[in-house]
1. Collect the residues in segment 147-194 that are open to solvent by 30 Å² or more (accessible area, probe 1.4 Å) and of a type in the set (S, T, N, Q), keeping them in residue-number order.
2. Open to solvent by less than 10 Å² (accessible area, probe 1.4 Å), of a type in the set (Gly, Ala, Ser) and either within 23 Å of Ala74 (Cα to Cα) or within 16 Å of the chain's Cα centre (by Cα) (or both): does that describe Gly206?
3. Kindly list, by first and then second residue, each pair from a residue in segment 64-86 that is on the phi < 0 side of the Ramachandran plot to a residue that is in a helix (DSSP H, G or I) and at pLDDT 90 or above, limited to pairs with Cβ atoms under 7 Å and residues at least 6 apart or on different chains.
4. May I ask you to list the residues in segment 61-95 that are over 30 Å from Leu49 (Cα atoms) and in contact with a Phe, Trp or Tyr (Cβ under 7 Å, 6 or more places away or on another chain)?
5. Against the condition under 26 Å from Asp65 (Cβ atoms), of a type in the set (Ser, Thr, Tyr) and at pLDDT 95 or above, how does Thr187 come out, does it pass?
6. Taking segment 102-145 on its own, how many of its residues are assigned to a loop (DSSP other than H, G, I, E, B), open to solvent by 20 Å² or more (accessible area, probe 1.4 Å), touching a residue at least 24 places away in the same chain (Cβ under 8 Å) and of a type in the set (A, V, I, L, M)?
7. In the set Glu189, Glu176, Glu201, which member is acidic (Asp, Glu) and out of contact with any strand residue (DSSP E or B) (no Cβ under 7 Å at 6 or more places or on another chain)?
8. Across segment 7-23, what is the total count of residues that are in contact (Cβ under 8 Å) with a residue 60 or more places away in the chain, aliphatic (A, V, I, L, M) and farther than 12 Å from Leu251 by Cβ?
Amino acid sequence: MIRLIATDLDGTLLQPGGVLSDRTRATLHAVDADVVVVTARPPRFVQNLELTGTAICSNGAMIYDLTNREVTHAQTVPLDVVRKVSEALAEVIPNVGIAVETGLEVLSEPGFQGFGPKNPHRTLELLEHVFEEAQQVVQMLAWAPDAEVDHMMEIAREAVGQHVSVTHSGGLGLLEISPPGVSKAATLESLCNTRGIGKHEVVAFGDMPNDLSVLGWAGTAYAMGNAHPLVKQACTNHAPPNTEDGVAQVLESLFRI
């Protein structure tokens, strides 16, 4: 029996442009199971999706109550670690730019150009000013122009993997860096434990390497038809692509909607 649905957002639950289709919304409301959004996005990107329940945000660093619109848990990267990681990445990744997600906004140095207009960030004059102004850091972001992100991830993990968790969600040259030991799966497992839900009662959906921890933990896992090759390789089950409401199609079959 499936008691919990864990789903990524971009490239998975949402259509291109960040749209939640009417079909998917209706399916999520019809299923007899908890729905937990598990995303790299911070809370401000999920609060207007007209969903209720729980969102695990910033790759597991934050838990957000979608119903009451409040952060209920946050894990942070100590500022001394942020500095250390930034210095180490600058030594091994040419022209790398650093930004930090505080949970309220993204602060960046001028060299960070990893976001388009739909992902605003506040650029400060110096990286040191970013460190000084950040009240807390729930996630670091590292961007390098024209970098191949899978290779960049390997380099970063070797350089700083003992201090932080490094992954990516498909952005060109953009790495997502979390507190040590923090992942989507670790936070989801903790949440399930508090609800008395076993992993064999969880079905998960994802499309990018930052979803691999959840897909590997859940009792049933689906790679989207548009997923990264590593994700498709890791999953026996494949859903139709997000452009075809793949999550909804699978859930309609599983729950006989």
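1. Gln162, Ser165, Ser169, Ser183, Ser190, Asn193, Thr194
2. On the way: open to solvent by less than 10 Å² (accessible area, probe 1.4 Å): yes; of a type in the set (Gly, Ala, Ser): yes; either within 23 Å of Ala74 (Cα to Cα) or within 16 Å of the chain's Cα centre (by Cα) (or both): yes.
Yes; evaluated as a whole, the condition is true for this residue.
3. Tyr64/Pro43; Val71/Pro43; Leu79/Phe131; Val82/Phe131; Arg83/Phe131; Val85/Val160; Ser86/Leu127
4. Here is the first cut: in segment 61-95, the residues over 30 Å from Leu49 (Cα atoms) are 78-95.
Listed by number, the residues that qualify are Leu79, Val82, Arg83.
5. Working: under 26 Å from Asp65 (Cβ atoms): yes; of a type in the set (Ser, Thr, Tyr): yes; at pLDDT 95 or above: yes.
When the stated conditions are applied, Thr187 passes them.
6. Going through segment 102-145 one residue at a time, the tally reaches 1.
7. Values: Glu176 fails: out of contact with any strand residue (DSSP E or B) (no Cβ under 7 Å at 6 or more places or on another chain); Glu201 fails: out of contact with any strand residue (DSSP E or B) (no Cβ under 7 Å at 6 or more places or on another chain).
Exactly one of Glu189, Glu176, Glu201 is acidic (Asp, Glu) and out of contact with any strand residue (DSSP E or B) (no Cβ under 7 Å at 6 or more places or on another chain), namely Glu189.
8. Looking only at segment 7-23, we keep the residues that are in contact (Cβ under 8 Å) with a residue 60 or more places away in the chain, and these are 7-8, 10-16, 18, 21, 23.
The next check asks that each one be aliphatic (A, V, I, L, M); those that pass are 13-14.
Next, from what is left, pick out any that are farther than 12 Å from Leu251 by Cβ: 14.
Here the count works out to 1.
The values are calculated or read from the model by the stated rules, or taken from the named source; none is laboratory data. Remember, it's a predicted structure, so these values are computed and weren't measured experimentally. Note that each Cβ is placed from the backbone with ideal geometry, even for glycine, and that neighbours are counted across all protein chains shown. Quick note on the areas: whole protein, heavy atoms, side chains included, nothing else; ligands and nucleic acids left out. Shrake-Rupley method; radii C 1.70, N 1.55, O 1.52, S 1.80 Å.
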